[in-house]
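First comes the structure, then the notes that go with it.
The values are calculated or read from the model by the stated rules, or taken from the named source; none is laboratory data. Model, not experiment: these values are computed from the prediction. Here the Cβ is made from the backbone with ideal geometry for all residues, glycine too, and neighbour counts use every protein chain on show. Note: accessible area is taken over every heavy atom of the protein model, side chains too, but ligands, DNA and RNA are not part of it. Shrake-Rupley method; radii C 1.70, N 1.55, O 1.52, S 1.80 Å.
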Amino acid sequence: MAKELALIGCGNMGTAMLKGIVGSGLVAAQDVTVADVSETSQQRLAGELGCQGTCDNSEAVAGAKSIIIAVKPQYLDGVVKAFAPSVDKDAVIISIAAGVSLERLEGLLGADHKIVRVMPNLAAMVGESMSALCPNDNVTEAEREGVHELFCAFGKAEFIPEHLMDAVVAVSGSAPAYVCLFIEAMADAAVIEGMPRAQAYAMAEQAVLGTAKYLQETGTHPAVLKDMVSSPAGTTIAAVAELERGGLRATVVDAMLACAERNRELA
Ligand SMILES: NC(=O)c1ccc[n+]([C@@H]2O[C@H](COP(=O)([O-])OP(=O)(O)OC[C@H]3O[C@@H](n4cnc5c(N)ncnc54)[C@H](OP(=O)(O)O)[C@@H]3O)[C@@H](O)[C@H]2O)c1
(Lines give C-alpha, C1' and ligand atoms only; values in the text may rest on other atoms or scores of the structure.)
Protein backbone atom coordinates (compact mmCIF):
# COMPACT_ATOMS: atom_id res chain seq x y z
CA MET A 1 0.00 0.00 0.00
CA ALA A 2 1.09 3.56 -0.73
CA LYS A 3 1.84 5.46 2.46
CA GLU A 4 2.14 9.23 2.02
CA LEU A 5 -1.56 10.07 2.41
CA ALA A 6 -4.72 8.13 3.25
CA LEU A 7 -8.22 9.49 2.67
CA ILE A 8 -11.10 7.95 4.60
CA GLY A 9 -14.42 8.79 2.94
CA CYS A 10 -14.64 9.39 -0.83
CA GLY A 11 -17.76 11.56 -0.78
CA ASN A 12 -18.21 15.17 -1.88
CA MET A 13 -15.53 16.76 0.29
CA GLY A 14 -13.03 13.88 0.21
CA THR A 15 -13.19 13.77 -3.58
CA ALA A 16 -12.89 17.56 -3.99
CA MET A 17 -9.93 17.82 -1.60
CA LEU A 18 -8.01 14.89 -3.06
CA LYS A 19 -8.52 16.09 -6.63
CA GLY A 20 -6.95 19.40 -5.58
CA ILE A 21 -4.07 17.76 -3.70
CA VAL A 22 -3.16 15.25 -6.43
CA GLY A 23 -4.01 17.66 -9.26
CA SER A 24 -1.59 20.27 -7.87
CA GLY A 25 1.20 17.67 -7.81
CA LEU A 26 1.69 18.12 -4.06
CA VAL A 27 1.29 14.38 -3.45
CA ALA A 28 1.76 11.81 -6.21
CA ALA A 29 -1.27 9.63 -6.92
CA GLN A 30 0.76 6.45 -6.33
CA ASP A 31 1.48 7.65 -2.77
CA VAL A 32 -2.21 7.93 -1.89
CA THR A 33 -4.66 5.31 -0.66
CA VAL A 34 -8.36 6.09 -0.57
CA ALA A 35 -10.92 4.15 1.45
CA ASP A 36 -14.70 4.15 1.54
CA VAL A 37 -17.36 1.84 2.88
CA SER A 38 -18.71 1.79 -0.68
CA GLU A 39 -16.69 -0.25 -3.19
CA THR A 40 -18.08 1.90 -6.01
CA SER A 41 -17.05 5.20 -4.39
CA GLN A 42 -13.48 4.19 -3.60
CA GLN A 43 -12.98 2.56 -7.00
CA ARG A 44 -14.36 5.60 -8.81
CA LEU A 45 -11.97 8.00 -7.06
CA ALA A 46 -8.99 5.63 -7.15
CA GLY A 47 -9.59 4.97 -10.83
CA GLU A 48 -10.00 8.63 -11.72
CA LEU A 49 -6.83 9.75 -9.94
CA GLY A 50 -4.72 6.62 -10.38
CA CYS A 51 -4.25 6.00 -6.65
CA GLN A 52 -4.93 2.85 -4.65
CA GLY A 53 -8.36 2.12 -3.23
CA THR A 54 -9.75 -0.15 -0.54
CA CYS A 55 -12.87 -0.70 1.56
CA ASP A 56 -10.66 -1.48 4.56
CA ASN A 57 -10.00 1.74 6.51
CA SER A 58 -7.39 0.04 8.72
CA GLU A 59 -5.44 -1.09 5.67
CA ALA A 60 -5.57 2.45 4.25
CA VAL A 61 -4.25 4.19 7.38
CA ALA A 62 -1.56 1.62 8.27
CA GLY A 63 1.80 3.32 7.77
CA ALA A 64 0.29 6.52 6.24
CA LYS A 65 2.13 9.74 7.17
CA SER A 66 -1.04 11.84 6.86
CA ILE A 67 -4.65 10.73 7.16
CA ILE A 68 -7.65 12.83 6.13
CA ILE A 69 -10.97 11.73 7.66
CA ALA A 70 -13.89 12.92 5.52
CA VAL A 71 -16.88 10.90 6.75
CA LYS A 72 -20.09 12.42 8.14
CA PRO A 73 -19.85 13.43 11.83
CA GLN A 74 -22.39 10.78 12.91
CA TYR A 75 -20.12 7.99 11.60
CA LEU A 76 -16.89 9.49 12.86
CA ASP A 77 -16.64 7.82 16.27
CA GLY A 78 -17.23 4.30 14.92
CA VAL A 79 -14.89 4.81 11.95
CA VAL A 80 -12.03 6.27 14.02
CA LYS A 81 -12.30 3.76 16.86
CA ALA A 82 -12.12 0.90 14.35
CA PHE A 83 -8.99 2.08 12.52
CA ALA A 84 -7.20 3.73 15.49
CA PRO A 85 -5.07 0.66 16.38
CA SER A 86 -3.58 0.68 12.84
CA VAL A 87 -2.53 4.37 12.88
CA ASP A 88 1.21 5.05 12.95
CA LYS A 89 2.11 6.92 16.17
CA ASP A 90 3.77 9.75 14.16
CA ALA A 91 0.94 10.13 11.62
CA VAL A 92 -0.79 13.49 11.29
CA ILE A 93 -4.53 12.84 11.49
CA ILE A 94 -6.76 15.48 9.95
CA SER A 95 -10.52 15.57 10.59
CA ILE A 96 -12.89 17.81 8.63
CA ALA A 97 -15.98 16.63 10.54
CA ALA A 98 -18.18 19.61 11.45
CA GLY A 99 -18.62 20.15 15.18
CA VAL A 100 -16.13 17.47 16.28
CA SER A 101 -13.65 18.97 18.73
CA LEU A 102 -9.95 18.21 19.16
CA GLU A 103 -10.79 16.91 22.64
CA ARG A 104 -13.24 14.39 21.18
CA LEU A 105 -10.74 13.34 18.50
CA GLU A 106 -8.03 12.93 21.15
CA GLY A 107 -10.45 10.78 23.15
CA LEU A 108 -10.93 8.50 20.14
CA LEU A 109 -7.31 8.34 18.96
CA GLY A 110 -5.28 8.98 22.10
CA ALA A 111 -4.13 12.37 23.40
CA ASP A 112 -0.54 11.65 22.33
CA HIS A 113 -1.47 11.66 18.62
CA LYS A 114 -0.90 14.52 16.18
CA ILE A 115 -4.37 15.75 15.27
CA VAL A 116 -5.61 18.67 13.18
CA ARG A 117 -9.24 19.80 13.17
CA VAL A 118 -10.11 21.53 9.92
CA MET A 119 -13.22 23.30 8.62
CA PRO A 120 -13.09 23.67 4.82
CA ASN A 121 -16.10 24.84 2.80
CA LEU A 122 -18.07 23.79 -0.25
CA ALA A 123 -15.92 25.89 -2.60
CA ALA A 124 -13.27 23.13 -2.28
CA MET A 125 -15.17 21.62 -5.20
CA VAL A 126 -13.97 24.44 -7.47
CA GLY A 127 -10.53 24.87 -5.89
CA GLU A 128 -11.62 27.94 -3.87
CA SER A 129 -12.15 26.57 -0.36
CA MET A 130 -11.54 28.65 2.72
CA SER A 131 -10.17 26.22 5.31
CA ALA A 132 -9.64 26.97 9.00
CA LEU A 133 -6.91 24.80 10.55
CA CYS A 134 -6.59 23.98 14.21
CA PRO A 135 -3.75 21.60 15.21
CA ASN A 136 -3.28 20.10 18.67
CA ASP A 137 -0.06 20.66 20.63
CA ASN A 138 1.59 17.47 19.32
CA VAL A 139 1.79 18.79 15.75
CA THR A 140 5.23 20.25 14.98
CA GLU A 141 5.86 23.49 13.10
CA ALA A 142 6.98 21.55 9.99
CA GLU A 143 3.85 19.38 10.14
CA ARG A 144 1.66 22.48 10.51
CA GLU A 145 3.25 23.83 7.34
CA GLY A 146 2.66 20.50 5.59
CA VAL A 147 -1.05 20.53 6.47
CA HIS A 148 -1.32 24.19 5.40
CA GLU A 149 0.18 23.27 2.03
CA LEU A 150 -2.30 20.39 1.60
CA PHE A 151 -5.30 22.66 2.17
CA CYS A 152 -3.86 25.42 -0.04
CA ALA A 153 -3.94 22.90 -2.92
CA PHE A 154 -7.69 23.60 -3.25
CA GLY A 155 -8.11 27.13 -1.93
CA LYS A 156 -6.89 29.24 0.97
CA ALA A 157 -6.14 28.16 4.54
CA GLU A 158 -5.66 29.96 7.87
CA PHE A 159 -4.68 28.74 11.33
CA ILE A 160 -7.16 29.63 14.07
CA PRO A 161 -7.52 28.88 17.79
CA GLU A 162 -10.28 26.31 18.32
CA HIS A 163 -12.62 28.71 20.16
CA LEU A 164 -13.05 30.60 16.85
CA MET A 165 -14.51 27.53 15.09
CA ASP A 166 -18.07 28.84 15.65
CA ALA A 167 -17.08 32.12 13.96
CA VAL A 168 -15.51 30.14 11.09
CA VAL A 169 -18.76 28.27 10.48
CA ALA A 170 -20.59 31.63 10.37
CA VAL A 171 -18.17 33.57 8.16
CA SER A 172 -17.01 30.74 5.90
CA GLY A 173 -18.65 27.29 6.30
CA SER A 174 -22.27 28.45 6.03
CA ALA A 175 -21.51 31.58 3.99
CA PRO A 176 -22.24 30.08 0.55
CA ALA A 177 -25.94 29.97 1.53
CA TYR A 178 -26.15 33.69 2.38
CA VAL A 179 -24.12 34.72 -0.66
CA CYS A 180 -26.55 32.68 -2.77
CA LEU A 181 -29.52 34.56 -1.25
CA PHE A 182 -27.86 37.85 -2.18
CA ILE A 183 -27.13 36.68 -5.75
CA GLU A 184 -30.67 35.38 -6.12
CA ALA A 185 -32.17 38.68 -4.94
CA MET A 186 -29.96 40.69 -7.31
CA ALA A 187 -30.95 38.44 -10.20
CA ASP A 188 -34.65 38.76 -9.26
CA ALA A 189 -34.39 42.54 -9.46
CA ALA A 190 -32.77 42.34 -12.91
CA VAL A 191 -35.56 39.99 -14.01
CA ILE A 192 -38.16 42.50 -12.74
CA GLU A 193 -36.40 45.05 -14.96
CA GLY A 194 -36.90 42.67 -17.89
CA MET A 195 -33.60 40.79 -18.11
CA PRO A 196 -33.75 37.06 -19.03
CA ARG A 197 -33.22 34.85 -15.94
CA ALA A 198 -30.03 33.10 -17.10
CA GLN A 199 -28.38 36.40 -18.00
CA ALA A 200 -29.45 37.90 -14.66
CA TYR A 201 -27.76 35.07 -12.72
CA ALA A 202 -24.63 35.29 -14.88
CA MET A 203 -24.34 39.03 -14.19
CA ALA A 204 -25.07 38.78 -10.46
CA GLU A 205 -22.60 35.89 -10.00
CA GLN A 206 -19.85 37.67 -11.90
CA ALA A 207 -20.44 40.89 -9.91
CA VAL A 208 -19.92 39.02 -6.61
CA LEU A 209 -16.93 37.05 -7.92
CA GLY A 210 -15.28 40.13 -9.44
CA THR A 211 -15.77 42.24 -6.31
CA ALA A 212 -14.29 39.57 -4.03
CA LYS A 213 -11.36 39.09 -6.42
CA TYR A 214 -10.69 42.83 -6.56
CA LEU A 215 -10.63 43.07 -2.75
CA GLN A 216 -8.33 40.04 -2.47
CA GLU A 217 -5.92 41.06 -5.19
CA THR A 218 -5.61 44.75 -4.33
CA GLY A 219 -6.04 44.55 -0.54
CA THR A 220 -8.57 47.40 -0.80
CA HIS A 221 -10.82 47.86 2.25
CA PRO A 222 -14.49 47.10 1.37
CA ALA A 223 -15.59 50.55 2.58
CA VAL A 224 -13.02 52.21 0.30
CA LEU A 225 -14.26 50.27 -2.74
CA LYS A 226 -17.88 51.14 -1.84
CA ASP A 227 -16.95 54.83 -1.67
CA MET A 228 -15.00 54.57 -4.94
CA VAL A 229 -18.03 53.30 -6.87
CA SER A 230 -20.59 55.59 -5.21
CA SER A 231 -20.58 58.86 -7.20
CA PRO A 232 -22.32 61.91 -5.74
CA ALA A 233 -26.06 61.81 -6.50
CA GLY A 234 -25.40 58.64 -8.51
CA THR A 235 -27.10 55.29 -8.97
CA THR A 236 -24.93 53.24 -6.60
CA ILE A 237 -25.38 55.47 -3.55
CA ALA A 238 -29.15 55.34 -4.17
CA ALA A 239 -28.98 51.52 -3.89
CA VAL A 240 -26.65 51.66 -0.86
CA ALA A 241 -29.03 54.01 0.96
CA GLU A 242 -31.93 51.62 0.31
CA LEU A 243 -29.88 48.66 1.64
CA GLU A 244 -29.03 50.65 4.78
CA ARG A 245 -32.71 51.55 5.28
CA GLY A 246 -33.50 47.82 5.00
CA GLY A 247 -30.94 47.05 7.71
CA LEU A 248 -28.73 44.85 5.52
CA ARG A 249 -25.64 45.02 7.75
CA ALA A 250 -27.49 44.47 11.03
CA THR A 251 -29.39 41.55 9.47
CA VAL A 252 -26.17 39.94 8.24
CA VAL A 253 -24.54 40.33 11.66
CA ASP A 254 -27.60 38.88 13.42
CA ALA A 255 -27.75 35.98 10.95
CA MET A 256 -24.11 35.10 11.50
CA LEU A 257 -24.40 35.32 15.29
CA ALA A 258 -27.41 32.95 15.06
CA CYS A 259 -25.29 30.61 12.93
CA ALA A 260 -22.40 30.62 15.44
CA GLU A 261 -24.83 30.08 18.33
CA ARG A 262 -26.47 27.13 16.54
CA ASN A 263 -23.02 25.62 15.98
CA ARG A 264 -22.33 25.92 19.74
CA GLU A 265 -25.64 24.21 20.51
CA LEU A 266 -24.86 21.31 18.16
CA ALA A 267 -21.31 20.72 19.49
N1 LIG B 1 -20.12 19.31 2.45
C2 LIG B 1 -19.60 20.42 2.96
O3 LIG B 1 -19.81 21.54 2.49
C4 LIG B 1 -18.68 20.33 4.15
C5 LIG B 1 -17.97 21.47 4.58
C6 LIG B 1 -17.08 21.33 5.67
C7 LIG B 1 -16.93 20.11 6.30
N8 LIG B 1 -17.65 19.04 5.88
C9 LIG B 1 -17.47 17.76 6.57
O10 LIG B 1 -16.96 16.84 5.62
C11 LIG B 1 -17.34 15.52 6.00
C12 LIG B 1 -17.81 14.79 4.78
O13 LIG B 1 -18.93 15.47 4.24
P14 LIG B 1 -19.42 15.19 2.76
O15 LIG B 1 -20.38 16.26 2.42
O16 LIG B 1 -18.24 14.93 1.87
O17 LIG B 1 -20.20 13.80 3.00
P18 LIG B 1 -20.44 12.61 1.97
O19 LIG B 1 -20.51 13.11 0.58
O20 LIG B 1 -21.58 11.79 2.52
O21 LIG B 1 -19.09 11.74 2.10
C22 LIG B 1 -18.82 10.88 3.15
C23 LIG B 1 -18.27 9.60 2.54
O24 LIG B 1 -17.88 8.73 3.59
C25 LIG B 1 -18.32 7.43 3.25
N26 LIG B 1 -18.42 6.60 4.45
C27 LIG B 1 -19.48 6.38 5.27
N28 LIG B 1 -19.17 5.50 6.24
C29 LIG B 1 -17.87 5.16 6.03
C30 LIG B 1 -16.98 4.26 6.66
N31 LIG B 1 -17.37 3.52 7.73
N32 LIG B 1 -15.73 4.13 6.18
C33 LIG B 1 -15.33 4.83 5.10
N34 LIG B 1 -16.14 5.69 4.43
C35 LIG B 1 -17.39 5.85 4.89
C36 LIG B 1 -19.64 7.65 2.58
O37 LIG B 1 -20.01 6.50 1.85
P38 LIG B 1 -21.61 6.26 1.55
O39 LIG B 1 -22.07 7.43 0.76
O40 LIG B 1 -21.62 4.99 0.78
O41 LIG B 1 -22.28 6.16 2.89
C42 LIG B 1 -19.30 8.84 1.69
O43 LIG B 1 -18.71 8.43 0.47
C44 LIG B 1 -18.39 15.67 7.10
O45 LIG B 1 -17.85 15.31 8.33
C46 LIG B 1 -18.76 17.14 7.09
O47 LIG B 1 -19.06 17.61 8.38
C48 LIG B 1 -18.51 19.11 4.81
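In the range 173-266, inverting the average of 1/r over every pair of distinct C-alpha atoms gives 15.2 Å as the Kirkwood radius.
Sparsely packed loop sites in the range 152-244 (the GluC sites (Glu not before Pro) outside DSSP H, G, I, E and B with at most 10 other Cβ atoms within 10 Å) comprise GLU193. Normalised by the number of residues in the range 5-161, the average gap of Cα pairs under 8 Å and 6 or more apart makes the relative contact order 21 percent. Of the trypsin sites (Lys or Arg not before Pro) in the range 60-168, the ones in a loop by DSSP (not H, G, I, E or B) with at most 14 other beta carbons within 10 Å are LYS89. For the chain, complete DSSP H runs whose alpha carbons reach 24 Å or more along their own long axis and whose mean Kyte-Doolittle score is 1.6 or higher are 175-192. A Cβ-based charge dipole, computed about the Cα centre of the range 48-155 with Lys and Arg at +1 and Asp and Glu at -1, lands at about 260 debye. Taking every C-alpha pair closer than 8 Å and separated by at least 6 residues, the mean separation divided by the residue count of the range 173-266 gives a relative contact order of 16 percent.
Between CYS152 and GLN43, residue separation times 0.36 nm minus the direct Cα-Cα distance comes to 36.7 nm. Along the axis of the charge dipole computed for the chain (Cβ charges of +1 for Lys and Arg, -1 for Asp and Glu, origin at the Cα centre), the listed residues PHE83, PRO232, ALA170 are led at the positive end by PRO232. Of all DSSP-defined beta bridges confined to the range 5-161, some 15% are antiparallel rather than parallel.
Rolling a 1.4 Å probe over the protein heavy atoms of the chain, with every protein chain left in place, gives an accessible area that is 58 percent carbon and sulfur.
Taking 7 Å steps out from each Cα toward its Cβ at ARG262 and ILE160 produces label points 1.6 nm apart. Considering only beta bridges that DSSP places wholly inside the chain, some 15 percent are antiparallel. When both the range 219-250 and the range 92-144 are represented by their alpha-carbon centers, they are found 38 Å apart. Pairs from the list LYS3/LYS72; LYS114/LYS156; LYS114/LYS213; LYS72/LYS114; LYS65/LYS213; LYS65/LYS156 with a Cα-Cα gap above 28 Å: LYS114/LYS213; LYS65/LYS213.
Taking Cα centre as origin and charging only the Cβ of basic (Lys, Arg, +1) and acidic (Asp, Glu, -1) residues, the dipole magnitude of the range 173-266 rounds to 100 debye. Ranked from largest to smallest solvent-accessible area, with a 1.4 Å probe on the protein heavy atoms, LEU181, LEU7 come out as LEU181, LEU7.
Note: relative contact order over the chain, using C-alpha pairs below 8 Å and six or more positions apart, is 14 percent.
Its Kirkwood hydrodynamic radius, worked out from the mean inverse distance over all distinct Cα pairs, puts the chain at 20.4 Å. Legend: residues VAL208, VAL168, sorted from most to least accessible area (1.4 Å probe; ligands, DNA and RNA excluded), read VAL208, VAL168. With the helix formula -39500 (n - 2.57) applied to DSSP H stretches of n ≥ 4, the chain reaches a computed 222 nm mean residue ellipticity of -16500 deg cm²/dmol.
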